[in-house]
Structure formats: C-alpha cells, structure tokens
Amino acid sequence: MAKILLVEDDADITFAVVMGLERVGHQVCTVGTEAGAKEQYKKEKPELILLDYNLPDGSGDSVCRWIKEQGSAPIIFLTVRDEEADVVHGLELGADDYITKPFSLAILISRVTAVLRRTTPEQGTCLHCGAITLDRAATRVTCGGVPAALTAQEYRLLLVLMEHKNQTLTRTQLLEMLWDADGKFVSDNTLTATMRRLREKLGYPDCIQTLRGIGYRIEG
C-alpha cells in the first residue's frame, strides 16, 4: 500500500484518519504545520498528501504549490471550506481531489484508493492466482480460461483480494475498501453474500480462504 503524508492540525481528525488508513494497510506520517509539511515531504517522499487548507503557520495553498514544484505526488485537500470557489481554486492549484469536513472515513479511504489507482503506475495489468486471471485493463476475469460473468461488486471484491494476495484482510478492512466512491453502503451481510456468489461463479476455488471470525485471504 502507500506512504501517505497527512497535514492536519486537529488532533481528533488526525487520530481518526490515521487509524482508518493504517487499518487498510497504508503507512501514515502526520504533521500539523506548513513548515512541518515541507520538512516531512523532503524526508519521507510520500506517495500521496492529505492537506488541510487552514494551517497555524500558513495555508494549504502555499503547501500545494510548493509540493507541485517538487514533483508529481497527488494531493487531496481536506477542509471546512466548502464554497464552490474554494473547490475550484484548490483543483486549479493542482489538487487531485477535494473533500470537505466533516467527512465519512469510508468515503475518504475510497477517494484515496481512487487517486492512488489513477496516479500509481501499474506493474502489468493482469493478476493471477491459481486458475484465476484478472485483467485490470480490460476489467475481465477468467477461471481456467473461461470468462466469469461477475457483477461490479464481485469484481471489486476479487480485485482487492488479488491485489493483497497472501495477505489476510479482515471483514472491517474489506468493508472499508469496498465502499464505493459515491458512498454507497456495503453491509456485513452484503459482503458475505458477495463472497458466496463470487466463489460459486469461480467454481469454488481452493485459493480463496475463509478465516472464521476474522476475514478472507487469497493464496497462490
């Protein structure tokens, strides 16, 4: 997963965001000032920056401009400033997304995932596990060479598992990851039903393992 720099001076928001992002596998470094943001950016070389607009010693504007001068790391603004002009200004500065406070942690994680997918070079488009092949470029899944007709939710679940091959994912982690960009609710029962249908359509592959009371993993 990704190394993320969170620039936020509110301790409660910082705690919640760090807990949420680390739960889905990200590494998070936190600072609360403009000076700290620049120092940690040079030190950590993060793959994504979550940036508050209002900082005690400066503004998100200047941090965003400075980071864009250093390289191409994506930036997501986190701010209480929800006027249309503020959103447009943030995006014109080069931000990749703009989230207003208060925000849902699940939606934040979904937006982070979406930005990372757009901005991180893929190491090949196909993922393999046993007889299963998932082609990300074509959004296509085959099992033993036979196409599998998956729903969007089934495809996303398989993609998450295959991107974390040989890694146990808890049910909570999967629910966070599967929450789509529109904030559509994915319940625990929905996850169970989706996994059941996915297994059936793939011919009940041995590589998809259930860890009772914990979650799932795909091995291969």
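The values are calculated or read from the model by the stated rules, or taken from the named source; none is laboratory data. Everything numeric here is computed off the predicted structure, so don't read it as measured data. Note: ideal-geometry Cβ built from the backbone for every residue, glycine included; neighbour counts use all protein chains shown. The area values use the complete protein model at the heavy-atom level, side chains included, leaving out ligands, DNA and RNA. Shrake-Rupley method; radii C 1.70, N 1.55, O 1.52, S 1.80 Å.
For the range 37-58, the condition of being out of contact with any strand residue (DSSP E or B) (no Cβ under 7 Å at 6 or more places or on another chain), open to solvent by less than 60 Å² (accessible area, probe 1.4 Å) and assigned to a loop (DSSP other than H, G, I, E, B) holds for none of the residues.
Among residues of the range 88-106 that are touching a residue at least 60 places away in the same chain (Cβ under 8 Å) and under 19 Å from residue 14 (Cβ atoms), those with a Cβ under 8 angstrom from a residue that is among the hydrophobic types (A, V, I, L, M, F, W, C) and assigned to a helix (DSSP H, G or I), sequence gap 6+ or separate chain, pair up as 101/13; 105/16; 105/17; 106/175. Determine whether the range 13-31 contains at least one residue that is under 19 Å from residue 79 (Cβ atoms), assigned to a strand (DSSP E or B) and open to solvent by 40 Å² or more (accessible area, probe 1.4 Å). Checked the range 13-31: at least one residue is under 19 Å from residue 79 (Cβ atoms), assigned to a strand (DSSP E or B) and open to solvent by 40 Å² or more (accessible area, probe 1.4 Å). Among the residues making up the range 59-77, those that are within 24 Å of the chain's Cα centre (by Cα) and loosely packed, with under 14 Cβ neighbours inside 10 Å are 65, 70, 71, 72. Looking at this structure, is residue 80 open to solvent by 20 Å² or more (accessible area, probe 1.4 Å) and over 30 Å from residue 160 (Cα atoms)? It is true that residue 80 is open to solvent by 20 Å² or more (accessible area, probe 1.4 Å) and over 30 Å from residue 160 (Cα atoms). The condition of being at pLDDT 85 or above, open to solvent by 60 Å² or more (accessible area, probe 1.4 Å) and among the basic types (Lys, Arg) holds for only one of 217, 199, 212, that being 212. Residues that are among the hydroxyl-bearing types (Ser, Thr, Tyr) and either open to solvent by less than 50 Å² (accessible area, probe 1.4 Å) or modelled with pLDDT of 90 or more (or both) occur in the range 179-190; there is at least one.
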